1. With point charges of +1 on the Cβ of Lys and Arg and -1 on the Cβ of Asp and Glu, referenced to the Cα centre of the chain, which listed residue (Leu119, Val37, Trp83) lies farthest in the positive direction of the dipole?
2. Give the relative contact order (percent, whole number) for the chain; include only Cα pairs under 8 Å separated by 6+ residues.
3. For Lys125, give me every one of the lysines with a C-alpha distance below 29 angstrom, ignoring sequence neighbours fewer than eight places off in its own chain.
4. In cubic angstrom, how much convex hull volume per residue do the alpha carbon atoms of region 156-293 span?
5. Please list the radius of gyration and Dmax for region 55-185, considering alpha-carbon atoms only, with Å as the unit.
6. Just name one of Trp65, Ser256, Gly164: the one whose Cα is farthest towards the positive end of the charge dipole of the chain (beta-carbon charges, Lys/Arg +1, Asp/Glu -1).
7. Tell me the net charge near Asp264. Cut-off is 14 Å between Cβ atoms, Asp264 excluded, with +1 for each Lys or Arg and -1 for each Asp or Glu.
8. Of the chymotrypsin sites (Phe, Trp or Tyr not before Pro) in region 176-205, which ones lie in a loop per DSSP and count no more than 13 other C-beta atoms within 10 Å?
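Computed from the coordinates by the stated procedures, all read-outs in this text should not be read as laboratory data. Source: prediction; values computed, not measured. Cβ atoms come from the backbone with ideal geometry, glycine included; neighbour counts cover every protein chain shown.
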Amino acid sequence: MKISATPHLVLLLLLNTHLFQSPVQVQANDETGNRVVVSLTPETERFGNQKMFWLGLHMEILEGWHVYWRNPGDSGLPTTIHWHDHPLLEPGVIHWPYPKIFDEEGISTYGYSGEVDLLIPVRVKHEKLDKKPDKTELLKAEVRWLVCKDICIPESAVVSLEIGPDRSFPAYSPEGKQRLDHAKATIPEQTPYWQARARIDNDAFVIALFALSEDAIRPDADHVYFFPNDPGRIEHSLPQTNGWEGDTLFVRTPVSRYLSTPPDQLSGVFYSPQGWFSNQETRAIELTFPLNP
């Protein structure tokens, strides 16, 4: 399989094409001039005895615009968070809700519109809880994202979460917790009850999915979609063709023309609007599986 450029170079070229299109009239979403307003939402009123809790990075996105998933697809950049050190709290990596597909003039990207909560697990440093704070503290982070419509614009903001001397969060609200509970339901489930394997056939990945639980259902193959976690694996703008053969669901997706050496394994999210189990609540599962020659 020959390549003329690396996947990362192609992504940058596509991104630059968006960035330097003719200017359009856009309306800022807040006083910073950003089209995306970001804030931190705690799931709990205070922290103390628990080992961890969840924070949501809430993103309110101006109508018609979108931001990107961990793998943006044909172009774009994922949102990043750089946390400031805190004496009692240690935020972890982003847990990403399953994305939407955006098709724009032959380019397919993965991301979010409207609003989304990116979930962050936060570890409580119990070994340092003996130190009693005597004043209000802040948990702070620098957030960067790319927001796109007819053009793409890099934006950033500093977010902070106030922590009271009693280790409470004044920003807590039942509405915010309800929103985070909903966001948790959109995080792909890492389940042992579905497994997969893959091979390459005529420049396409052929992924075989099979269930290991009687509680699993047979989702409509035409509405199943595979989102690879890593960029440069598939041709995002080409269709995936799926079908059941007996008890095995086959997902066929074209290999990226920029992939020079196939990996030993693939990982990604399989989405089905019908769900994957009888309760129909788990609409996305995340699997890592071998790629055989």
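1. With unit charges placed on the Cβ atoms, the residue in question is Trp83.
2. 19
3. Lys51, Lys135, Lys140, Lys177, Lys184
4. Hull volume normalised by residue count: 181 Å³.
5. Using the Cα atoms of region 55-185, the pair Rg, Dmax is 16.8, 58 Å.
6. In the chain, that residue is Gly164.
7. It works out to a net charge of +2.
8. Passing sites in region 176-205 do not exist.
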